[in-house]
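The values are calculated or read from the model by the stated rules, or taken from the named source; none is laboratory data. It should be emphasised that the depicted structure is a prediction, and the values quoted were computed from it without experimental measurement. Heads up: the accessible areas ignore ligands, DNA and RNA and are worked out on the full protein's heavy atoms, side chains in. Shrake-Rupley method; radii C 1.70, N 1.55, O 1.52, S 1.80 Å.
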Amino acid sequence: MRFDRIFIAGTIQGSNRGTDIEDQSYRITIPAMVARFFPGAECFDPSADVAEKLANASVAAQIRSLLSDTPPALETASLPAQLTELRTTFHEMTREVAKCDLCIAYLPGHTPSMGTAMEMYAAYLSDVPIVTVTDMVANLAVVSVSTWILRDLEVLEEWLAQRSPSKGGIPA
């Protein structure tokens, strides 16, 4: 298998309210693994643009305002410009998976991630193979779109090593 561009999907906010984010260290660990076994492969990380916008004090204040005074019905077309821009960024980043050769989705524990689910589904619809690193083997959404489900990052490292060009790129 040839992996020139790999999409790194994973939990950013999870089920946290507001702009709190989950541990993002996997966004360093996974690309380092990929670089070791697939030199020259690009790891596309959609989180940078999204996290940058979420870190904006004005955006955070708008989100807090929505959380503290959520209207009974919210028409998304009426969102403030910065939140509309955040939505647009999320859509653009999710579409990038179609331009990749592989999607690696990291879902540790049982923390739900609707964004990762959307990225995985976009990959599935684009026939991009999906490696999901999780123990959620009974989750219907995970099982329905994943090409491979791997227990943890150690197994991902072994999986990448087996497919490395230096190992002859053993097909899946």
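Values as computed for the structure displayed
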{"quantity": "Relative contact order (%) - criterion: Cα under 8 Å, at least six apart; region: the chain", "calculated": "28"}
{"quantity": "Mean residue ellipticity (222 nm) of the chain, computed from DSSP H runs ≥ 4 via -39,500 (n - 2.57), nearest 500", "calculated": "-13500 deg cm²/dmol"}
{"quantity": "Solvent-accessible area per residue, Å², over the chain with all protein chains present [probe radius 1.4 Å]", "calculated": "55"}
{"quantity": "Contour minus Cα-Cα distance for Asp152 and Ala57 (0.36 nm per residue)", "calculated": "30.7 nm"}
{"quantity": "Among Ile130, Ile28, Ile63: highest mean-square fluctuation, GNM of the chain, C-alpha pairs under 10 Å", "calculated": "Ile28"}
{"quantity": "Calculated from backbone phi, Karplus (6.51, -1.76, 1.60) coupling profile of region 121-129 in Hz, x at Gly/Pro", "calculated": "5, 4, 5, 4, 5, 9, 6, 8, x"}
{"quantity": "Amide H within-cut-off set for Gly10, under 5 Å, with H built and near neighbours excluded", "calculated": "Tyr106"}
{"quantity": "³J(HN,Hα) computed for each position of region 42-59 - Karplus, 6.51 cos²θ - 1.76 cosθ + 1.60, integer Hz, glycine/proline x", "calculated": "8, 9, 8, 10, x, 6, 4, 5, 5, 4, 4, 5, 5, 6, 5, 4, 5, 5"}
{"quantity": "Amide H contacts of Leu102 (H built 1.01 Å from N, under 5 Å, at least 5 apart or other chain)", "calculated": "Arg5, Phe7"}
{"quantity": "Surface share of carbon and sulfur [accessible, 1.4 angstrom probe, percent] for region 21-153", "calculated": "58"}
